[in-house]
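Enquirer: What follows is a structure written as C-alpha cells; I'll ask about it next.
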Amino acid sequence: MTVTSVFDRARAVGDAVLYEGYLLYPYRASARKNRVRWQWGVLMPPSYASEDRGEYASARTECLLEPRSRAGVHFTVRFLQAQERLVHDGHGFVDAVTVRGRDYTTWDEAVEHEVTFVVPAAELLAQPVRLPFSVPATEKRECVGEHCTLVRRSRELTGELTARLDALDGPFGGARLRVDLLNTSRWPSDGTRESALRHALLAAHVILAVDAGHFLSMLDPPEWAKPAVAACVNERVWPVLIGGSTRSGVVLASPIILYDDPAIAPESPGELFDGTEIDEILTLRTMTLTDEERREARATDPRAAALVDRVDEVPPEVLERLHGTIRNLRSTTGSAEPWWDPGADASVSPETDAVVVAGVRVAAGSRVRLHPNLHGADAQDMFLTGRVATVRAVLSDVDGTTHVAVTLDDDPGADLQNAHGRFRYFSPDEVEPT
C-alpha cells in the first residue's frame, strides 16, 4: 500500500471527524440539540479560550517516528470554518423567508480548509519550526428572488503549527515528534460563544505523513518504545496509525478517540454526521420524518438537504446491506455450515465457565482489577486502568477466543447493567484477580 493511498484513507476518516456532530437528527435548525454546535476539536481564539470555560486555543500531539535518511515530514492541517448565512428580504435581515415555495433560513454553514507543509526531518531535529497560516475574510451574495438575497460572511482566521523532533535516548534510535496547533485569530470580544466560534478552527485535526520511515503505534508500541510512549503528551487530540496496527507512514491526530487503523464502513451509503452511530438506525429514523420536517431540514443546510434526498432514494439492497455485515467468519466445526450457536452448545455455560489467570480460577462472581492492553480494543478502555470489577460471565466466541464479561464495582448502574446483560469485555490477560 503506497503512502498516497494510505493518506487518502486518512483523509476519508478525517472527513468523518470534520462533520461528526455537525448537524444531528432530525437535521433541523429548530431542534434543541442543533442549537449548541461545534463540540469536537474546537480551537477558540486566544482571547476567548480559558480553562474555566473549558475552551482552548491550542492542541498538542506527540508520537514516535523512525525516520530514514533524508526523510520529509508532511503536515496537513484540516478544519472547518463557521460561515454565517444571513437572509435579507429587501427590507432587512430576517430569520427566514419563502421564495417560490422554497424556504431560506439564517444558519451557520461550514467551509472546509486544508493547509499543507513539508519539512525535512533533519530541519525539525535542529530546532522547532513554526509554520503560520491564514484564511482571509469573505462575503458573498446570492440572489434567490426579486427582493431576497442570501449573504454569506466569514471572518479572517490565523493559526500556527509548530513542530519539532527530539531524538530518543538509548540504542534503538527513533525520535519523538511534537506538533502544536494554535489558533492565533483576533476576536473583537462580545463575550458570546456563538460569536467566538466564527473565529475558531472547528473539528481541527492534523494528518502526519513521512515519505521515508514510519510512525509507531501509541496503543501497541514495541517493548523498547513503551517508556517513550508513556512520556508523550497529547492534549485534545490523539494520534492513531492509518494503514497499519503497529507501524505506518501516516498518522491521524484526531480530536475524537479512535483505535489504530480506523476505516469508513464500506457499506455506509453516505454521511449522517454521526460517524460513531449505526447507519441503519439513523437512515430508518430519517425515513420517518414528516413532509414538513423534511422541508425544514432541507432549508437548514445543503448537506442536510442532500442527506434527506439520499435517504428518500435509498434502494432496498442498500438497507439490507446496512442491516448486518459479517467481516470475518470461519468454521469451527469443519462442516459446510460456518456458524456456531453457543446457545445450542451444551458444553458452553457462561455463568459457570471459568478461566485460569495467574494460577487463579476466574468465573462469575470473581473480582478482578482491569489492565486494558488497548491492542485492538476501544481506546476509551484506557480510562478503566486500575479499576476493580466483578466478573459476570466467561464466554468463548466463534474463533475460540475467551472473553471475561464484567461490570465496574464503583458504577452505580452496575446491577441494572447486569440485569440487562450489558457488560464490558476483556481478554484474560487484561484482568488481575484480587
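Enquirer: Just checking, which of E223, E280, E267 is over 30 Å from L24 (Cα atoms) and either free of Cβ contacts under 8 Å to residues at least 60 places away in the same chain or among the basic types (K, R) (or both)? Lay out the reasoning, then the answer.
Expert: Working: E280 fails: over 30 Å from L24 (Cα atoms); E267 fails: over 30 Å from L24 (Cα atoms).
Testing whether each residue is over 30 Å from L24 (Cα atoms) and either free of Cβ contacts under 8 Å to residues at least 60 places away in the same chain or among the basic types (K, R) (or both) leaves just E223.
Enquirer: Filtering region 1-46 down to residues that are of a type in the set (S, T, N, Q) and assigned to a loop (DSSP other than H, G, I, E, B), which residue is modelled with the highest pLDDT? Can you show your working first?
Expert: Here is the first cut: in region 1-46, the ones of a type in the set (S, T, N, Q) are 2, 4-5, 30, 34, 39.
Pick out the ones that are also assigned to a loop (DSSP other than H, G, I, E, B) and you get 2, 30, 39.
Details: T2: 59, S30: 91, Q39: 84.
The qualifying residue modelled with the highest pLDDT is S30.
Enquirer: So, restricting to strands (runs of 3 or more DSSP E) that lie completely within region 359-434, which ones have at least 3 residues that are open to solvent by less than 50 Å² (accessible area, probe 1.4 Å)? Walk me through it before giving the result.
Expert: Details: elements: 360-363, 367-370, 388-396, 402-408, 424-426, 431-433.
Qualifying strands (runs of 3 or more DSSP E): 388-396, 402-408.
Yes/no per residue for (1) farther than 18 Å from W187 by Cα; (2) of a type outside the set (A, V, I, L, M); (3) open to solvent by 40 Å² or more (accessible area, probe 1.4 Å); (4) under 18 Å from the mean Cα position of the chain (by Cα):
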{"site": "R32", "(1), (2), (3), (4)": "yes, yes, yes, no"}
{"site": "W40", "(1), (2), (3), (4)": "yes, yes, yes, yes"}
{"site": "M44", "(1), (2), (3), (4)": "no, no, no, no"}
{"site": "S50", "(1), (2), (3), (4)": "no, yes, no, no"}
{"site": "Y56", "(1), (2), (3), (4)": "no, yes, yes, no"}
{"site": "L65", "(1), (2), (3), (4)": "yes, no, no, no"}
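Enquirer: Based on what the data block shows, is A82 open to solvent by less than 10 Å² (accessible area, probe 1.4 Å) and small (G, A, S)?
Expert: Working: open to solvent by less than 10 Å² (accessible area, probe 1.4 Å): yes; small (G, A, S): yes.
Judged against the criteria, A82 is a match.
Enquirer: Could you identify the single residue in V233, V229, V179 that is of a type in the set (V, I, T) and surrounded by 20 or more Cβ atoms within 10 Å (Cβ to Cβ)?
Expert: Working: V233 fails: surrounded by 20 or more Cβ atoms within 10 Å (Cβ to Cβ); V229 fails: surrounded by 20 or more Cβ atoms within 10 Å (Cβ to Cβ).
None of the other options fit; the residue is V179.
Enquirer: Using the structure shown, decide if R193 is modelled with pLDDT under 95 and open to solvent by 40 Å² or more (accessible area, probe 1.4 Å).
Expert: Details: modelled with pLDDT under 95: yes; open to solvent by 40 Å² or more (accessible area, probe 1.4 Å): yes.
Criteria met by R193.
Enquirer: May I pose another question? Only one residue in L322, L395 is at pLDDT 65 or above and closer than 30 Å to R285 by Cβ, so which one is that? Walk me through how you get there before you give the answer.
Expert: Values: L395 fails: closer than 30 Å to R285 by Cβ.
Among L322, L395, only L322 is at pLDDT 65 or above and closer than 30 Å to R285 by Cβ.
Enquirer: Here is a follow-up. So, in region 115-127, of the ones that are touching a Gly at 6+ places or on another chain (Cβ under 9 Å) and either surrounded by 13 or more Cβ atoms within 10 Å (Cβ to Cβ) or among the small types (G, A, S) (or both), which residue ends up nearest to F273 (Cα to Cα)?
Expert: Keep residues of region 115-127 that are touching a Gly at 6+ places or on another chain (Cβ under 9 Å), which gives 115, 118-121.
Imposing the further condition that a residue be either surrounded by 13 or more Cβ atoms within 10 Å (Cβ to Cβ) or among the small types (G, A, S) (or both) reduces the set to 115, 119-121.
Numbers: V115: 23, V119: 34, P120: 36, A121: 36 Å.
Selected residue: V115.
Enquirer: For region 113-146, give me each residue that is of a type in the set (K, R) and farther than 15 Å from E160 by Cα. Outline the logic, then answer.
Expert: First pass over region 113-146, keeping only residues of a type in the set (K, R): 130, 140-141.
Residues satisfying the conditions are K140, R141.
Enquirer: Go through region 128-169 residue by residue and tally those that are in contact (Cβ under 8 Å) with a residue 24 or more places away in the chain, open to solvent by 80 Å² or more (accessible area, probe 1.4 Å), over 21 Å from Q81 (Cβ atoms) and assigned to a strand (DSSP E or B).
Expert: Result for region 128-169: 2.
The values are calculated or read from the model by the stated rules, or taken from the named source; none is laboratory data. Worth saying up front: this structure is predicted, and the values here are computed from it rather than measured. Because the Cβ atoms are built from the backbone with ideal geometry, glycine has one as well, and the counts that use them run over all protein chains shown. Areas reflect the complete protein model, heavy atoms only, side chains present, ligands, DNA and RNA absent. Shrake-Rupley method; radii C 1.70, N 1.55, O 1.52, S 1.80 Å.
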